[in-house]
């Protein structure tokens, strides 16, 4: 009898889970639960949550195929959708950064194909409100059409995606996140503070700007033209260091293998124990970066650097320049490098290092995890969170139009609610914003914030990260797999992204196959090898 499997969530992680199960012949009795009206998109790619101006910062070349690749879909069935976003076939390229809504169309089509091929059942408007693990089954409780329903499953995969703080309706002019983006369309021509300066903050700025104007390219340069009456719209991105993200740089894909920080070298560093692990790994990092870009290493005195020196070493010159001057220079360099297919060695080395180093975080001491968070993670995040060049062009256009600036708050700042919006006190002075948007992106959540009451009671009262095994199962709940992003970030800080969704799904499918005696736990064709073949080694 086939295993009854429930997948809660039909965004990328849920879709890749169905695909991974189907690849192993385990998708013969799958039910997918979607709380919203449409299955197959997830919050980052859903209409209403996003606007057409919001770009995916990933191209087809980096997106794991489902029934077909994103590029094949764009050149085939999806070609007719391009016009919906004001695009022509000339933009289709394996590295093109296209609207997130268009990527959502692909996900929805691919899910429909998988459902047809597997016979999976999809329930929309079905909000799962409780998960009750038992010894031989898991009981799921959901609300649909105003009524509560229950059913038993042999296994449950919780792929519930992003979670944002609920909007306080009494908090006039204060938004706890940029989503749904449509809500920002009601903001008037006011002074807006946007907390953050990365992709989420760019989304907020574009949603606000495009609700009150448009972008036009004139003689090769992109301009922002505000609507009549929008002259009062002034946006300020608020960040600790006053930096803007850089434009996504060209590099070989898939990644070239690391030379110094090999699996063997990192395993050896880990094998020497938790004490000093971060410093041993940083020494390997420095050697890898030096090999990739000796000129950079010499200019920045990388050989003598400590972990604590790394942010200043990477960001020092950038912090001394005006954020928009740097952005303009970086954009020109990036576009030239894309055209010439030129690799900036140190950037590419850091990009390839971040997941390998992040995977060692659980093995580090608490003190080293704190050092990692403070000194290495900001560099890694800035590197892999580079944004589409068009997004930088739009920020520059808004700045030239006098609609956008960046404020460096420093480490010590205070935000206080006002009758509308907030007041800010920081090293740069005191400021009042009539509208405030928290755009810092997805934050970590602890087990005390877990939304399903029965599981939360079983987990205990601790506020820390959920204790999960290699297949993302909580202790004592061997039939439940937690792939809910906010609850994975504490131990896996770089788990976000479409590639990570595929990786997580592969690990879960492999674990299900092992328990069904379809593949061995160890040896040739084993769990670890199967997952590595489909997901890389980072979760093994």
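If you check residue 18 against the conditions, is it in a helix (DSSP H, G or I), touching a helix residue (DSSP H, G or I) at 6+ places or on another chain (Cβ under 7 Å), over 24 Å from residue 95 (Cα atoms) and not assigned by TED's automatic domain parsing to the domain that holds residue 180?
Working: in a helix (DSSP H, G or I): yes; touching a helix residue (DSSP H, G or I) at 6+ places or on another chain (Cβ under 7 Å): yes; over 24 Å from residue 95 (Cα atoms): yes; not assigned by TED's automatic domain parsing to the domain that holds residue 180: yes.
Yes: the conditions hold for residue 18.
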Task: Top-ranked residue in region 165-188 [being surrounded by 17 or more Cβ atoms within 10 Å (Cβ to Cβ) and part of a loop (DSSP other than H, G, I, E, B); ranked as modelled with the lowest pLDDT] - done: 173
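Name the residues in region 281-310 that are in a loop (DSSP other than H, G, I, E, B) and touching a helix residue (DSSP H, G or I) at 6+ places or on another chain (Cβ under 6 Å), would you?
Residues satisfying the conditions are 293, 300, 305.
The rows are residues; the columns are (1) within 30 Å of residue 424 (Cβ to Cβ); (2) under 28 Å from the mean Cα position of the chain (by Cα); (3) part of a loop (DSSP other than H, G, I, E, B); (4) without any contact (Cβ under 8 Å) to a residue 24 or more places away in the chain.
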site	(1), (2), (3), (4)
215	yes, yes, no, no
266	no, yes, no, no
273	no, no, yes, yes
279	no, yes, no, no
316	yes, yes, no, yes
Task: Selection within region 96-129 - in contact (Cβ under 8 Å) with a residue 40 or more places away in the chain and assigned to a loop (DSSP other than H, G, I, E, B) - done: 97, 98, 119, 120, 125, 126
Open item on the list: Whether any residue in region 26-42 is surrounded by fewer than 18 Cβ atoms within 10 Å (Cβ to Cβ), farther than 21 Å from residue 142 by Cα and touching a residue at least 12 places away in the same chain (Cβ under 8 Å) is what I want to check.
Closed with: yes
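With more than 30 Å from residue 214 (Cβ to Cβ) and surrounded by 14 or more Cβ atoms within 10 Å (Cβ to Cβ) as the only criterion, which of 397, 401, 428, 439 stands out? Walk me through it before giving the result.
Numbers: 397 fails: more than 30 Å from residue 214 (Cβ to Cβ); 401 fails: more than 30 Å from residue 214 (Cβ to Cβ); 439 fails: more than 30 Å from residue 214 (Cβ to Cβ).
Unique residue meeting the criteria: 428.
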TODO: Quickly run through region 227-242 and pick out the residues that are on the phi > 0 side of the Ramachandran plot and not in a loop (DSSP other than H, G, I, E, B).
DONE: none
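Which of the residues spanning region 123-134 are in contact with a helix residue (DSSP H, G or I) (Cβ under 6 Å, 6 or more places away or on another chain) and buried (at least 18 other Cβ atoms within 10 Å of the Cβ)?
Of region 123-134, the ones in contact with a helix residue (DSSP H, G or I) (Cβ under 6 Å, 6 or more places away or on another chain) are 130-132.
Across region 123-134, the qualifying residues are 131, 132.
The values are calculated or read from the model by the stated rules, or taken from the named source; none is laboratory data. None of these values were measured; they are calculated from a predicted model. Counting neighbours? That spans all protein chains shown, and the Cβs are built from the backbone with ideal geometry, glycine included.
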